[in-house]
Amino acid sequence: MPFDSMHEECGVFGVYSQENRKVANTVYYGLYALQHRGQESAGIAVAFADKISYHKGMGLAADVFANGVLDEMPEGDIAVGHVRYSTTGSSQLLNAQPVVFAGKCGKMAVVHNGNLINTKQLREEMIAQNAVFQTTIDSEVIAIMINSLSDGDILTGVKRACAKLKGSYALVIMTLDKLIAVRDPFGIRPLCIGTTESDVIFASETCALDAVSANFLRDVKPGEIVVADSEGIHSYFMENIPERAQMCIFEYVYFARHDSILDGYSVYEARKEAGKLLARHYPVEADLVSGVPDSANVAARGYSEESGIPFVEALAKNRYVGRTFIQPDQRQRENSLNVKMNALRANIRDKRVIIIDDSIVRGTTMRKIIKMLRDAGAKEVHIRICSPIIKHPCHLGIDIQTYSQLIGAYRNEKQICESLGADSVRYLTIDQLLQTCEGAHTGFCLGCFNGEYPYPLDEYETDKLKLE
């Protein structure tokens, strides 16, 4: 849900065109479609002639590129863009992407979705070799590593750098004549390829391809490096790719837009099935079922269809307020709730209400929602959650740093119910959650539920502000 859930890092987008035109406009619309993935900052870089021009700023893409800024960006044939929620490095303009620099391979720009867990070690190694850093983000570490390990050929630098990276990364890299997409060996973060008559496009989600009228070609495979240039699309693979991919399952639960297709399976269908499974396994007598808007509405409709209980809106959302999770400070997030959402009194007065949500992280916002519903006259409030209890932190691109942030770290369902003040609380099990994604062509990382991650996190310094 938008207030008290896991917070994902970024959305990336890139275009390689056979035409010299306003490619920045294409990237802008792609970022607009990916805005749900990050709302702290936005940026676009364009390659033209022998130069790279870029603009980035704090806030939403529409605000960053308002007042003629987008119109002033040059025509070109390659461009990349980024929307950010910070997981490594603080929320400030210095840390906004793209990362633009010049090196052995000429001028380059890099955008990154994910989070490295060995950033500090890699950075210290490069500083010892006289590297200079301008930011505190892992994306700059990646960019400088690619440059330092290159022999003048960008592909060599990418392959050598990826052999050293630990963590999650979906990268789009632009040079003056190439656009490169890279997905980490476990495929933790999504990345896809689309085409038009003249363009090759890389994007975090298929909804961004739809926004620019591109046809979906395929997903970038785990451990794959895809290069688009004047000769077409070329594919290369890293060495020692794990047999089993481990995409973050929260892409289906919450992060991705519900109209996206990830690794061959519909996010909409996964969420609707989650609602149906909740109704099947955890029924309760009630007068109406509703979702916390907007991410849980699909699941709530699935619950309604399976149970026969009417779907009725219980919560009204202010459409002109961004996702509250973009406030990096918890107090700011909590204070934003009353501006963001209100109970629909006429719909819920004297009613037994089922509220569906995708997850509960801290519990502070769900507690306020339950109180809001009771104050509006709800007779009973039953909570049903489309994922298991989150018991462990995640450092692979989600801003959950410590066990102290998690209401479920040391509580069971009954204790969580008492803490929230609900009449009942039930969660899907891990097996049931996996059942919602049976159509996906990938395995999943379930570390936040069972503590089993693709990488042993205890070996690394994983604090979000470790480089500040």
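Against the numbered list (1) on the phi < 0 side of the Ramachandran plot; (2) crowded, with 20+ Cβ neighbours inside 10 Å; (3) touching a strand residue (DSSP E or B) at 6+ places or on another chain (Cβ under 7 Å), Gly187 comes up short only at (1). Kindly check whether there is at least one residue in segment 111-121 that is among the hydroxyl-bearing types (Ser, Thr, Tyr), in contact with a Gly (Cβ under 7 Å, 6 or more places away or on another chain), in contact (Cβ under 8 Å) with a residue 24 or more places away in the chain and buried (at least 19 other Cβ atoms within 10 Å of the Cβ). No, there is no match, as no residue in segment 111-121 is among the hydroxyl-bearing types (Ser, Thr, Tyr), in contact with a Gly (Cβ under 7 Å, 6 or more places away or on another chain), in contact (Cβ under 8 Å) with a residue 24 or more places away in the chain and buried (at least 19 other Cβ atoms within 10 Å of the Cβ).
Going by the structure shown, is Pro185 more than 17 Å from the chain's Cα centre (by Cα), within 24 Å of Ala256 (Cα to Cα) and part of a loop (DSSP other than H, G, I, E, B)? Yes.
Pairing each residue of segment 220-243 that is closer than 20 Å to His441 by Cβ and outside any strand (DSSP E or B) with any residue that is small (Gly, Ala, Ser) and modelled with pLDDT of 95 or more, provided the two are 6+ apart or on different chains, yields C-beta distances under 6 Å for Val220/Ala181; Pro222/Gly187; Pro222/Ala245; Met238/Gly223; Ile241/Gly223. Of all residues in segment 394-414, those satisfying the criterion of being surrounded by fewer than 22 Cβ atoms within 10 Å (Cβ to Cβ) and in contact (Cβ under 8 Å) with a residue 60 or more places away in the chain are Asp399, Ile400, Gln401. For Thr429, the conditions (1) out of contact with any Ser or Thr (no Cβ under 8 Å at 6 or more places or on another chain); (2) surrounded by 18 or more Cβ atoms within 10 Å (Cβ to Cβ) all hold with the exception of (2). Of the residues making up segment 33-42, those that are modelled with pLDDT of 95 or more and out of contact with any Leu (no Cβ under 9 Å at 6 or more places or on another chain) number 1. For beta carbons closer than 6 Å, sequence separation of 6+ or different chains, a first residue in segment 199-216 that is on the phi < 0 side of the Ramachandran plot and in contact (Cβ under 8 Å) with a residue 12 or more places away in the chain and a second that is among the aliphatic types (A, V, I, L, M) and part of a loop (DSSP other than H, G, I, E, B), the qualifying pairs are Ile201/Ala214; Ser204/Leu34; Glu205/Ala256; Ala208/Leu34.
The values are calculated or read from the model by the stated rules, or taken from the named source; none is laboratory data. Here the structure is a predicted model, which means the values were calculated and not measured. Cβ sites come from the backbone with ideal geometry, for glycine too, and all protein chains shown count toward neighbours.
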